[in-house]
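For reference, the structure is listed below as structure tokens.
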Amino acid sequence: MSTEDKIKYTEDLVDLDGKQEYTITVYAENRIGLLNRIAIIFSKRKINIESLNSSASEIDGIHRFNIVIHEGYEVVRKLARQIEKQIEVLKVYYNTNEEIIWQELALYKVSTDEIAEKVTVERLLRQYGASAVVIRKDYTVFAVTGHREETDALVKALEPYELIEFVRSARVAIIKDSAGFHEKLKEFEAEEPGEELVENEFLEKGGKIFTM
Amino acid sequence: METAQDTIQQTEAKAETSQTFFKGTGSQVLLNGLITEGVKTIFGYPGGAIMPIYDALYDYADKLQHILVRHEQGGIHAAQGFARASGEVGVVFATSGPGATNLVTGLADAQIDSTPLVVITGQVFAHLLGTDAFQETDVINITTPVTKWNYQVTDANEIQEVLAKAFYIAKSGRPGPVLIDITKNAQIQIEDFPEYVKCHHIRSYRPKPKVRVEYIEQAAELINAAKKPFVLWGQGVVLGTAEEEFKAFIEKTGIPSAWTILGESAIPTSHPLNVGMLGMHGNYGPNVLTNECDVLIAIGMRFDDRVTGRLDKYAKQAKIIHLDIDPAEIDKNVKADVGVWGDCKETLPLLTKLVNENKHETWLAVFRDYNQQEIDQVITPELYPEGEEITMGEVLRNINEICDGEAIIVTDVGQHQMVACRYAKFNNTRSNITSGGLGTMGFGLPAAIGAKYGAPDKTVIAIIGDGGFQMTPQELGTIMQFGAEVKILILNNRFLGMVRQWQQLFNDKRYSFVNITSPDFVALAKAYYIEGQMVNEREKLRTALGTMINHKGSYLLEVMVGRENNVFPMVPQGMSVSEIRLK
Ligand SMILES: Cc1ncc(C[n+]2csc(CCOP(=O)(O)OP(=O)(O)O)c2C)c(N)n1
């Protein structure tokens with residue numbers, strides 16, 4: 001379910017103009033050059049992509065992008081339509097953080113000596129739910145998954161202890177309310193789209209227009 | 001290199017129907033595919049990276065007419081003119097590198113004006129891709145923002161499927177340009193090819209939705225309740241071949257209707273419900289009354305800023321109904337109260353069924369009142385000038401009197417374009433061909449050549465400014481060689497007129513680099529064996545226009561018009577449409 005569907009019921013709960021984080025989920029055919037087409041939609045409008053992840057989806061041959069931007073609802077809605085217009089794109093959803101379950105993975109490289117010597121570090125790591133991925137004589141790599149604040153907090157905490165290197169992945173997200181994309185796919189595969197499955201994006205204002 | 005000819009086992013019958021397996025080169029299978037798609041005319045220019053395709057073309061001369069343009073930009077504008085006049089897909093060939101980059105302006109123009117094109121570019125051998133090989137350019141990435149779809153073929157086995165997809169994508173839904181870049185190895189690769197199958201479905205692509213009656217019902221309800229409804233129509237009506245359906249709708253509802261310049265000739269100029277042109281140089285009434293109507297029904301138009309002027313003051317009082325095939329257009333610039341997403345060929349008849357018959361006489365009379373003011377203050381002085389100088393408007397009046405609305409008028413970009421759109425009369429759809437969204441100077445001459453191939457039975461008149469003509473004059477060579485009968489009418493004001501008008505009105509007459517000199521256009525035409533003359537005096541104008549139109553073959557007529565004439569009315573940029581100025 002997209003934010004748009006939600007809006008029609010809870011319009012006043014969402015600040016339509018206010019910027020916030022949106023996660024755009026794009027289902028698309030796996031095709032060379034499509035990422036560029038999608039990226040252009042953002043760059044043309046001078047919109048910065050905060051994070052972008054592309055991966056296989058649960059369906060063979062279909063890729064899934066998670067794109068995080070900080071924008072207002074109207075902008076996001078229009079962007080989504082432009083993305084959905086691309087020939088290889090099957091479906092675009094856009095959601096606020098409340099509507100998704102999301103994670104980022106962070107890796108931290110720290111000096112093994114430091115870790116070994118300073119018990120506080122170990123405690124710190126336990127506190128942040130980190131796990132050791134590699135332990136060598138010279139350094140150890142820890143991994144943490146979580147929201148930005150969590151992975152950021154560990155960076156802060158490790159800085160005094162010789163944090164050699166740090167990297168964070170793009171966001172991956174799953175939409176809480178979504179019934180899954182499989183159903184939708186049947187519609188796309190059908191020669192002629194079935195009646196009950198057709199999108200109905202502009203009906204939301206139905207109630208209002210009749211009171212002119 | 002093994003030549004294709006050695007191994008061709010193709011028979012005539014196979015080439016025609018592609019029924020059976022076909023053994024040949026990628027180039028041959030491409031040309032067969034084009035024939036199966038119904039292509040008869042190609043505009044193009046050869047070069048190293050597309051030579052195998054041209055080599056194959058040599059054997060197809062009886063089925064595929066190739067027009068050798070003088071510049072790839074000319075080729076793609078010609079294909080646009082062809083597509084716009086005929087309603088078919090325009091096809092362009094160009095080589096890699098400089099050939100392909102010369103297409104970019106035309107692609108951008110076709111993209112924004114929704115013109116269906118299939119463009120084939122040659123590319124270096126696949127194994128050289130990414131090595132900065134001779135004439136290698138990253139055509140796919142350069143053209144991505146200006147194509148509806150593009151694809152690089154590196155293996156001949158992909159050609160049939162990709163070509164079929166290309167045609168389907170170019171002409172379905174909201175049409176647009178599609179580019180296929182074919183590496184040289186794929187062009188010469190010899191394979192057994194299966195039967196060519198046209199494409200009708202792509203899993204991820206929905207060219208048009210199934211129409212929902214709910215939208216139609218909501219729209220009908222608004223229209224039936226409206227006291228002052230107003231229709232704005234655009235090229236969507238033409239692209240959807242919904243001219244008849246559109247006419248039926250406005251005739252039943254009696255709603256005054258105005259057009260964008262790309263929608264212009266969808267219904268005859270003389271239709272009683274046709275109240276004129278929208279936008280920056282549009283008619284007085286339609287612009288002012290946009291801000292007075294109670295229901296605004298936009299059909300196949302996209303609320304371009306040249307049409308809306310200042311958006312925050314645009315039709316705020318009206319309920320907006322927007323019919324469009326492209327869902328991304330609905331709510332993009334103007335928020336719709338009812339968005340009717342669909343092909344207007346389908347949505348309009350459904351709507352017509354649900355709306356009440358009406359006449360809206362008093363409301364229509366308001367348009368006529370405004371029109372009368374415009375006639376008195378602007379149109380009459382423009383069409384029947386009293387000064388000595390010839391006006392662009394009177395040239396158009398004379399054309400109307402001679403051609404009686406039957407000609408196809410192709411324009412370039414500038415004042416003459418606005419004057420032509422404002423004053424030319426049309427009886428038939430697809431008669432007004434102009435570069436709308438991109439406003440590309442240099443479009444006129446090549447597009448007119450293409451239009452002539454698209455509509456060979458029509459008189460094609462290209463109306464071009466002295467500036468714009470100098471952007472693509474080399475296409476006179478194409479006319480010379482292939483004999484497309486184009487009437488070239490240069491309206492020479494010895495200025496880059498439209499820019500000069502802005503400088504006069506908004507920059508204190510600081511005429512910065514708009515004073516443009518011209519060669520002897522008639523002598524230039526003569527150098528290409530094209531007849532022509534120049535007129536300076538009103539007494540000779542009518543005869544000269546008659547000579548041009550009745551001449552057998554192409555003809556160039558240069559008319560010297562007033563230097564500092566302006567096009568009015570005008571909505572100054574950044575103003576509301578209701579602040580339109582009559583002078
Ligand atoms: C390729 C291109 N370059 C620049 C412009 C900007 N431009 C718009 S109208 C115009 C002047 C056109 O002059 P001319 O062709 O003489 O026609 P006129 O306006 O005098 O009728 C210019 C320079 C453009 N539209 N296209």
Filter pass, residue B:251 being surrounded by fewer than 20 Cβ atoms within 10 Å (Cβ to Cβ), assigned to a helix (DSSP H, G or I) and within 11 Å of chain A (Cβ to nearest Cβ): no
Residue count for segment B:407-432, restricted to those that are within 16 Å of the ligand (Cβ to nearest atom), at negative phi and not in a helix (DSSP H, G or I): 6
Subset of segment B:23-49 (residues that are part of a helix (DSSP H, G or I), within 27 Å of the chain's Cα centre (by Cα) and in contact (Cβ under 8 Å) with a residue 60 or more places away in the chain): B:30, B:33, B:34, B:36
Within segment B:142-227, helices (runs of 4 or more DSSP H) holding 3 or more residues that are within 11 Å of chain A (Cβ to nearest Cβ): B:159-171, B:213-225
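Here's the yes/no breakdown for (1) open to solvent by 50 Å² or more (accessible area, probe 1.4 Å); (2) modelled with pLDDT of 95 or more:
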| position | (1), (2) |
| --- | --- |
| A:1 | yes, no |
| A:4 | no, no |
| A:14 | no, no |
| A:22 | no, yes |
| A:31 | no, no |
| A:53 | no, yes |
| A:60 | yes, no |
| A:70 | yes, yes |
| A:80 | no, yes |
Criterion violated by residue B:404 - all others in (1) at negative phi; (2) more than 9 Å from the ligand (Cβ to nearest atom); (3) open to solvent by 10 Å² or more (accessible area, probe 1.4 Å); (4) without any contact (Cβ under 8 Å) to a residue 40 or more places away in the chain satisfied: (1)
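Select the helices (runs of 4 or more DSSP H) contained entirely in segment B:465-521, then report the ones holding at least 2 residues which are within 9 Å of the ligand (Cβ to nearest atom) and open to solvent by less than 10 Å² (accessible area, probe 1.4 Å).
Where helices (runs of 4 or more DSSP H) fall fully within segment B:465-521 and carry at least 2 residues being within 9 Å of the ligand (Cβ to nearest atom) and open to solvent by less than 10 Å² (accessible area, probe 1.4 Å), they are B:466-469, B:497-506.
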Helices (runs of 4 or more DSSP H) (entirely within segment B:281-376) containing at least 3 residues that are without any contact (Cβ under 8 Å) to a residue 60 or more places away in the chain and surrounded by fewer than 16 Cβ atoms within 10 Å (Cβ to Cβ): B:361-374
Residue identified as within 16 Å of the ligand (Cβ to nearest atom) and either exposed (fewer than 15 other Cβ atoms within 10 Å of the Cβ) or not in a helix (DSSP H, G or I) (or both) among B:390, B:399: B:390
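Tell me which residues, restricted to segment B:164-198, are of a type in the set (D, E, K, R), over 26 Å from residue B:326 (Cα atoms), in contact with a helix residue (DSSP H, G or I) (Cβ under 8 Å, 6 or more places away or on another chain) and open to solvent by 40 Å² or more (accessible area, probe 1.4 Å).
Selection gives B:184, B:191.
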Considering residues of segment B:254-280 that are among the small types (Gly, Ala, Ser) and closer than 29 Å to residue B:313 by Cα only, the residue surrounded by the fewest Cβ atoms within 10 Å (Cβ to Cβ): B:254
Unmet requirement for residue B:125, which otherwise passes all of (1) within 13 Å of chain A (Cβ to nearest Cβ); (2) surrounded by fewer than 19 Cβ atoms within 10 Å (Cβ to Cβ): (1)
Residues of segment A:24-48 satisfying the condition of being in contact (Cβ under 8 Å) with a residue 24 or more places away in the chain, within 9 Å of another protein chain (Cβ to nearest Cβ) and part of a loop (DSSP other than H, G, I, E, B): A:31
Single residue of B:382, B:329, B:374, B:389 found to be within 14 Å of chain A (Cβ to nearest Cβ) and among the charged types (D, E, K, R): B:329
Of the criteria (1) within 11 Å of the ligand (Cβ to nearest atom); (2) open to solvent by 10 Å² or more (accessible area, probe 1.4 Å); (3) under 15 Å from the mean Cα position of the chain (by Cα), which one residue B:436 fails: (1)
Single residue of segment B:442-461 satisfying the filter (within 16 Å of the ligand (Cβ to nearest atom) and touching a Phe, Trp or Tyr at 6+ places or on another chain (Cβ under 9 Å)) that is nearest to the other protein chains (Cβ to nearest Cβ): B:442
Number of the exception - residue B:132 against (1) without any contact (Cβ under 8 Å) to a residue 40 or more places away in the chain; (2) on the phi < 0 side of the Ramachandran plot; (3) of a type in the set (D, E, K, R): (2)
Positions within segment B:35-60 being buried (at least 20 other Cβ atoms within 10 Å of the Cβ) and hydrophobic (A, V, I, L, M, F, W, C), in sequence order: B:42, B:43, B:49, B:50, B:53, B:56, B:57
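The values are calculated or read from the model by the stated rules, or taken from the named source; none is laboratory data. It should be emphasised that the depicted structure is a prediction, and the values quoted were computed from it without experimental measurement. Quick reminder, even Gly has a Cβ in these numbers, built from the backbone with ideal geometry, and neighbours come from all protein chains shown. These accessible areas exclude ligands, DNA and RNA; they are computed on the full protein's heavy atoms, side chains included. Shrake-Rupley method; radii C 1.70, N 1.55, O 1.52, S 1.80 Å.
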